[in-house]
Amino acid sequence: MHKTLIKIWPTIYRLINQIFYFIISIIKEVIYLGIKQIKGWSLQDSFTNMQEIEIAIEAIRKKLTGKKLTYKEIYSIMDEISKNKLGDVLTTYFAASGYMKGFSDIELFYLTKAMVETGEKLKFKGIVADKHSIGGVPGTRTTLIVVPIVARAGFTIPKSSSRAITTTNGTADDMEILAPVNLKKEKIYEIVK
């Protein structure tokens with residue numbers, strides 16, 4: 001009995017976790033529905049939102065089992081993440097599924113396309129340059145050197161950087177010593193000018 005429980009515990013844990021987050025999403029939706037009705041939104045809007053979340057959750061489950069995702073499935077995941085409706089746990093499951101099972105070239109294309117289509121975009125005039133790397137090498141701060149050089153050469157280079165992921169500090173952490181890094185869209189435009 002004890003050995004059987006040890007073997008099935010991960011499955012039980014995942015099931016309980018999924019049920020818990022499904023119940024939480026229903027509670028959130030009920031609250032959301034109440035707010036929407038007060039503002040005059042329709043019941044149909046609320047059901048549509050639940051269907052979109054369900055598509056995203058089912059797609060995450062599918063990827064966790066190693067299956068390939070369609071553009072619609074990847075888009076639904078990215079759309080729910082961009083609206084802050086998926087939650088940290090399900091977003092982590094999606095990231096972990098990509099790490100564990102990998103993404104095909106077409107899935108990476110779909111993922112990139114969906115990020116662009118669901119995310120907020122900034123528009124700049126002229127040639128816009130970017131410096132990007134995979135990071136993770138402690139002590140290499142090429143971004144803090146390269147970006148000012150490229151900007152001085154006359155190119156627009158609005159740089160976004162991450163905080164620490166694999167090391168003790170990321171580019172954003174280092175830059176924050178010199179200047180604020182969490183900026184509103186309007187402030188980014190002002191700085192780039």
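One quarter of the convex hull surface, Cα atoms only: what value does that give for the range 52-114 in nm²?
3.5
Under 1.5 on a/c is rounded, so check that first for the range 59-193, then, if it is not, pick prolate when a/b is larger than b/c and oblate when it is not; a ≥ b ≥ c are the square roots of the alpha carbon gyration tensor eigenvalues.
Taking the square roots of the gyration eigenvalues as a ≥ b ≥ c, the range 59-193 is prolate.
How would Phe109, Phe155, Phe124 rank on accessible area, largest to smallest, probe 1.4 Å?
Phe109, Phe155, Phe124
Shape call for the range 80-122 from the C-alpha gyration tensor, a ≥ b ≥ c root eigenvalues: rounded (a/c under 1.5), prolate (a/b greater than b/c) or oblate?
Oblate.
The values are calculated or read from the model by the stated rules, or taken from the named source; none is laboratory data. Keep in mind that what you see is a predicted model, and the values were worked out from it rather than measured. The area values use the complete protein model at the heavy-atom level, side chains included, leaving out ligands, DNA and RNA. Shrake-Rupley method; radii C 1.70, N 1.55, O 1.52, S 1.80 Å.
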